[in-house]
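Quick notes on the structure that follows.
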Amino acid sequence: MPSSKHSKLDDVRLESLSERLSKIERTTCPFEGDPRVAASHWVTPKLVAEIAFTEWTESGKLRHPRFLGLRPDKRARDVTREEPSPLPDDIGASG
C-alpha cells in the first residue's frame, strides 16, 4: 500500500484555512499592478503565512514553496521580502 503524507490533521488545517480565507475574499488584486494570473483567487491581505522555500527564481517567484502555518504574531502590513544575509568572512576558516 503506498504511503501518504496526507493526514486527518491536514484535512482539519485545510478546512480551517479555507474558512478563514473565504471571509476575506475579494474580486480584485489588492496590490499595485495587475499580475494577470489566470484563475486567481484574491483575498484581502490580513493573514500572514510562514512559507519555506528553496530560493527565489530570476522572475521573482518562490521555488518549491511549502506552507508551514499561519503567523498570528505578525501583521500583514509589516511583512517584507527577506533577503539572504552574506556569510561572515570567517566561515570555513579553521581556528
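The values are calculated or read from the model by the stated rules, or taken from the named source; none is laboratory data. Just so we're clear, the structure is a prediction, and the values are computed from it rather than from any experiment. Positions of Cβ are generated from backbone atoms using ideal geometry, with glycine treated the same way; all protein chains shown enter the neighbour counts. Protein only, heavy atoms only, side chains kept; ligands, DNA and RNA dropped before computing areas. Shrake-Rupley method; radii C 1.70, N 1.55, O 1.52, S 1.80 Å.
Report yes if some residue within segment 17-39 is open to solvent by less than 60 Å² (accessible area, probe 1.4 Å) and either polar (S, T, N, Q) or in contact with a helix residue (DSSP H, G or I) (Cβ under 8 Å, 6 or more places away or on another chain) (or both); otherwise report no. Within segment 17-39 (the criterion being open to solvent by less than 60 Å² (accessible area, probe 1.4 Å) and either polar (S, T, N, Q) or in contact with a helix residue (DSSP H, G or I) (Cβ under 8 Å, 6 or more places away or on another chain) (or both)), the answer is no, since none of the residues qualifies.
Of all the residues in segment 44-87, those that are under 26 Å from SER16 (Cβ atoms), touching a Lys or Arg at 6+ places or on another chain (Cβ under 6 Å) and in a strand (DSSP E or B) number 2. Here ARG36 does not qualify as modelled with pLDDT of 80 or more and basic (Lys, Arg). Pairs linking a residue in segment 58-78 that is closer than 16 Å to THR44 by Cβ to a residue that is in a loop (DSSP other than H, G, I, E, B) and open to solvent by 90 Å² or more (accessible area, probe 1.4 Å), with Cβ atoms under 8 Å and 6 or more positions apart or on different chains, are ALA76/LYS46. Checking each residue of segment 52-74 against the condition of being in contact with a strand residue (DSSP E or B) (Cβ under 7 Å, 6 or more places away or on another chain), under 26 Å from ASP11 (Cβ atoms) and charged (D, E, K, R) gives at least one match. Restricting attention to segment 3-16, and to residues there that are open to solvent by 100 Å² or more (accessible area, probe 1.4 Å) and of a type outside the set (D, E, K, R), which single residue is modelled with the highest pLDDT? Checked segment 3-16; the qualifying residue modelled with the highest pLDDT is LEU14.
For every residue, the table says whether it meets (1) among the charged types (D, E, K, R); (2) at pLDDT 90 or above; (3) open to solvent by less than 90 Å² (accessible area, probe 1.4 Å).
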{"position": "THR57", "(1), (2), (3)": "no, yes, yes"}
{"position": "LEU62", "(1), (2), (3)": "no, yes, yes"}
{"position": "ARG66", "(1), (2), (3)": "yes, yes, no"}
{"position": "LEU70", "(1), (2), (3)": "no, yes, yes"}
{"position": "ARG75", "(1), (2), (3)": "yes, yes, no"}
{"position": "PRO86", "(1), (2), (3)": "no, no, no"}
{"position": "ILE91", "(1), (2), (3)": "no, no, no"}
